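This report refers to the structure that appears directly beneath it.
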Amino acid sequence: MKITDIKTYHCHDGRRTSIFLQVFTDEGITGNGQPYTIGPDEAIIATAESSKSWFIGQDPSRIEWLLRRAKNTMRFPLGAVEWSFLSGVDHALWDIAGKRAGVPIYKLFGGPTRDRVRVYHQIHGDSASEQAAEATELLAEGYTAFKASMFPPDWQKMPWLAVVREVVNRIGTLRKAVGDHIDLAVDLHSKLREPMRAKQIAEALSDFRLMFVEEPVRPDYIPSTARLRRELSVPIATGENLFGITQFAELFDQDAVDIIQPDLLVCGGLLEGRKIAAMAEANYVTVAPHNPLGLLSTALGVHYAASINNFTILEYHGDHKRDKAKFVDEMWAPVNGYFELPTKPGLGMELNLESIAANPPKHWNRGFPTDAEGAPAFI
């Protein structure tokens, strides 16, 4: 079997963009993948076009060799664009391998380490009452864990202590709505540069028995995260903005994390993700994959979770109910907060190319927030 082509597809679900990738072979088996939409998305598409000749004519089963050769050819330390492209290729190559063997991907990694995969549901809403109402509805569907962003709208323009008070109010309202037996996590979205501010928020939330605080400070300076972990009692989770084993190794070397959150769409894919999980296991760190980009990403997360020892929980945004679902042919949905393991060969999910073509990309970015003085703020 030889690789004959790599194609990318760029589309918009009404809220944000998606990029999908396919690897084609001369035996008619096609693999599906999904690079992360890091913005500008066009850079990933250009990278695919520029680099696909490295893969054409090669044996798709040589996954480690192909990806290592590509990384070496790129030469300089890879950034988010290159890692996202290679992650999508990795997904597609494993999809091909599973289809060729007639088994789900997780069975290629030694078989399942669990019988089902637990998820936490992201809570949305601009106000505390909206978040509490959504959580109450989701409780009826059987979810046992939730995560929410606690910053109020335009918080960058508010006095800092007012922000802290509102964060406490919001998580307090949510805790009251779901009860004491439900796991809750708070996502600070790496919007804080100062460890002291993150510490103030985390300490103010200590009475709510959080599952973890996610990205309390910027991830680009790992000593800040390490400092917080030494000073806080709440578990710290981070990793969605990191890629490759080297960056995660720094987290472990500095004893900076309790739960890592690699995103399989940018960290290097399943192969690199399993290496990251093995490093975490050796450091008694658990894995809760980042997963905000739809059902194909969720399928990758389920295979990943089913094949590692130190998985703890998977992020989920209810995408079987959302517009992202139209880009695939399978409406995977959790039952009582768990995904059952797939049984179809490969990834177990195909792209809906007609729907992708019918929803062309639109310009997308994260916006341009400012603080009260008009200075650019993190988003």
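The values are calculated or read from the model by the stated rules, or taken from the named source; none is laboratory data. This structure is a prediction, so every number in the text was calculated from the model and none was measured. No Cβ is skipped: glycine too gets one built from the backbone with ideal geometry, and neighbour counts run over all protein chains shown.
Below, the figures for the structure above:
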| quantity | calculated |
| --- | --- |
| One residue from R197, R218 being part of a loop (DSSP other than H, G, I, E, B), basic (K, R), touching a helix residue (DSSP H, G or I) at 6+ places or on another chain (Cβ under 8 Å) and over 18 Å from I123 (Cα atoms) | R218 |
| Test: residue in region 26-36 that is within 25 Å of P342 (Cα to Cα), hydrophobic (A, V, I, L, M, F, W, C) and touching a residue at least 12 places away in the same chain (Cβ under 8 Å) | yes |
| Qualifying position, being on the phi > 0 side of the Ramachandran plot and either surrounded by 12 or more Cβ atoms within 10 Å (Cβ to Cβ) or touching a Ser or Thr at 6+ places or on another chain (Cβ under 9 Å) (or both), among N336, N352, N359 | N336 |
| Hits in region 274-331 - residues which are part of a strand (DSSP E or B) and either polar (S, T, N, Q) or within 24 Å of H124 (Cβ to Cβ) (or both) | T286, L314, E315, Y316, V328 |
| First in region 356-378 and among the polar types (S, T, N, Q), second anywhere and in a loop (DSSP other than H, G, I, E, B), Cβ under 9 Å, 6 or more apart | N359/D13; N359/G14; N365/G39; N365/P40; T370/A377 |
| Number of the exception - P77 against (1) closer than 22 Å to E240 by Cβ; (2) at pLDDT 95 or above | (2) |
| Members of region 262-312 found to be of a type in the set (S, T, N, Q) and either buried (at least 23 other Cβ atoms within 10 Å of the Cβ) or free of Cβ contacts under 8 Å to residues at least 24 places away in the same chain (or both), listed by number | N291, S297, T298, S307 |
| Test: residue in region 367-374 that is within 28 Å of G102 (Cβ to Cβ), of a type outside the set (D, E) and surrounded by 14 or more Cβ atoms within 10 Å (Cβ to Cβ) | no |
| In region 185-194, the residues that are in a loop (DSSP other than H, G, I, E, B) and either of a type outside the set (A, V, I, L, M, F, W, C) or surrounded by fewer than 18 Cβ atoms within 10 Å (Cβ to Cβ) (or both) | H189, S190, K191, R193, E194 |
| Counted residues, region 253-268 - those being in contact with a helix residue (DSSP H, G or I) (Cβ under 6 Å, 6 or more places away or on another chain) and either polar (S, T, N, Q) or not in a loop (DSSP other than H, G, I, E, B) (or both) | 2 |
| Residues of region 37-60 that turn out to be out of contact with any helix residue (DSSP H, G or I) (no Cβ under 6 Å at 6 or more places or on another chain), small (G, A, S) and in contact (Cβ under 8 Å) with a residue 12 or more places away in the chain, as a count | 3 |
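Residues are listed down the side, and each one gets a yes or a no for (1) touching a residue at least 40 places away in the same chain (Cβ under 8 Å); (2) of a type in the set (A, V, I, L, M, F, W, C):
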position	(1), (2)
D180	no, no
D183	yes, no
K191	yes, no
M196	no, yes
A226	no, yes
V234	no, yes
N241	yes, no
